[in-house]
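Colleague: Quick one: the structure is below, questions incoming.
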Amino acid sequence: VADASLIGRVLATPHIRVEAGKIEEFARAVHAPEAAYRSKEAASAAGFDDIPAPPTFSVTSAHASPNDVFFDLLDLDLGRVLHGSSSWTYHRPVVAGDDLSGETRVANVYTKPGRQGGEMTFVEIESTFVDPSGAPVVTERMVVIETALVVSA
Amino acid sequence: MSLGPGDQAPELVHDPVTRTDIVRYAGAGGDFNPIHHDEPFAAGLGLPSVFAMGLYQGGILSSFASSWLGLINLRRFELRFAARVWPGETLRCSGVVTSAEDVDGERVVEVDLSVTNADTGEVKVTGRATAAARSTGGDR
């Protein structure tokens, strides 16, 4: 079980080299039809400096999947872990050619009583991605929930 | 024309979710948890089949929001995962503007979004987006 002592711990330092081919593959996977994801000319016409990444693209840094090693670091029982929510704040568009460095850390840990007894644990994990100059590009926040362990009588 | 409170996105109904859709997202997104692609593994856990990762239907919702609001206008996007999506389900995306205000000289709208089962109405994912309202144009 995770506890508040984990707040602030750095879990990963993901790196994303944003490539046009990866953007096209990801756009197809999330059923995004726009030409801007596939052509530099269309991207330019839509106001981007290069081919833009879809809104949830930062998950491709492989820091966001539930079988990641950091669930071990968090001491969460994978069998009881749910992905509750995710959010992204965009400081500027992510585009092909970007070289992003991320830091993934535990932003908060708290508990709530489970409906059938026991305790649910909420872990908020924040990843901040910056460009080589250190300017923030995108901040991703994810909440994972470890459901209550109900001991049957 | 810019968006205002009450404006609704044209609804979008996708083809039924296939295992191929789920595997394509696994490859693109890098989520290789076998519960999403390995049928015997899922059956071993007592599940009726594999199911989609929340970020698959979340990604579909992000595409819907971007087409409606314009990707370049997007400032913030949020997903809350409510229910699993199984192969064969037909998903509907919806969106409505809930508020508009001026922030630092820019007109910004808040939008409520959802993915529901088109047949039963079950809510799969809800979303919120914040976007500049300077145009309604997508990037198509």
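The values are calculated or read from the model by the stated rules, or taken from the named source; none is laboratory data. Computed from a predicted structure; not experimentally measured. Neighbour counts run over all protein chains shown; Cβ positions are idealised from the backbone, glycine included.
Colleague: Which residue, of B:Ala9, B:Ala28, is under 23 Å from A:Ala53 (Cβ atoms) and either in contact with a Lys or Arg (Cβ under 8 Å, 6 or more places away or on another chain) or polar (S, T, N, Q) (or both)?
Modeller: The unique qualifying residue is B:Ala28.
Colleague: Now for a different question. Quick one: count up the residues across region B:69-85 that are at the interface with chain A (Cβ under 7 Å from one of its Cβ atoms) and either of a type outside the set (A, V, I, L, M) or out of contact with any Lys or Arg (no Cβ under 9 Å at 6 or more places or on another chain) (or both).
Modeller: So the count comes out to 9.
Colleague: Being of a type in the set (Val, Ile, Thr), under 29 Å from B:His37 (Cα atoms) and either touching a residue at least 40 places away in the same chain (Cβ under 8 Å) or surrounded by 22 or more Cβ atoms within 10 Å (Cβ to Cβ) (or both) narrows it down to one of B:Val85, B:Val97, so name that one.
Modeller: B:Val85
Rundown of residues vs (1) under 25 Å from B:Phe77 (Cα atoms); (2) part of a strand (DSSP E or B), yes/no style:
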residue	(1), (2)
A:Ser85	yes, yes
A:Gly97	yes, no
A:Thr104	yes, yes
A:Val109	yes, yes
A:Gln116	no, no
A:Thr128	yes, yes
A:Val144	yes, yes
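Colleague: Quick check: anything in region B:10-27 free of Cβ contacts under 8 Å to residues at least 40 places away in the same chain, surrounded by 14 or more Cβ atoms within 10 Å (Cβ to Cβ) and either aliphatic (A, V, I, L, M) or outside any helix (DSSP H, G or I) (or both)?
Modeller: yes
Colleague: So in region B:84-128, with the set limited to residues that are of a type in the set (Gly, Ala, Ser) and farther than 18 Å from B:Ser62 by Cβ, which one is modelled with the lowest pLDDT?
Modeller: Only one residue tops the list, namely B:Gly105.
Colleague: Shifting gears a bit: May I ask you to list the residues in region B:47-59 that are within 12 Å of chain A (Cβ to nearest Cβ) and part of a loop (DSSP other than H, G, I, E, B)?
Modeller: Selection gives B:Ala52, B:Met53.
Colleague: Is it the case, given these coordinates, that B:Thr98 is among the hydroxyl-bearing types (Ser, Thr, Tyr), over 19 Å from A:Ser85 (Cα atoms) and touching a Pro at 6+ places or on another chain (Cβ under 7 Å)?
Modeller: yes
Colleague: If you don't mind, another one. Quick check: is even one residue across region B:95-118 more than 30 Å from A:Ala45 (Cα to Cα), part of a loop (DSSP other than H, G, I, E, B) and among the polar types (S, T, N, Q)?
Modeller: No, that holds for no residue.
Colleague: Now, a different point. Considering only residues of region A:9-52 that are within 14 Å of A:Glu140 (Cα to Cα) and assigned to a loop (DSSP other than H, G, I, E, B), which is nearest to the chain's Cα centre (by Cα)?
Modeller: If we take residues in region A:9-52 being within 14 Å of A:Glu140 (Cα to Cα) and assigned to a loop (DSSP other than H, G, I, E, B), then A:Pro14 is nearest to the chain's Cα centre (by Cα).
Colleague: Test of understanding: among B:Ser62, B:Ser66, which residue is farther than 15 Å from B:Ser114 by Cβ, facing another protein chain (nearest Cβ under 7 Å) and under 12 Å from the mean Cα position of the chain (by Cα)?
Modeller: Within the list B:Ser62, B:Ser66, the selection yields B:Ser66.
Colleague: Related question: Would you pick out the residues in region A:7-48 that are within 30 Å of A:Thr111 (Cα to Cα) and buried (at least 18 other Cβ atoms within 10 Å of the Cβ)?
Modeller: A:Leu11, A:Ala12, A:Pro14
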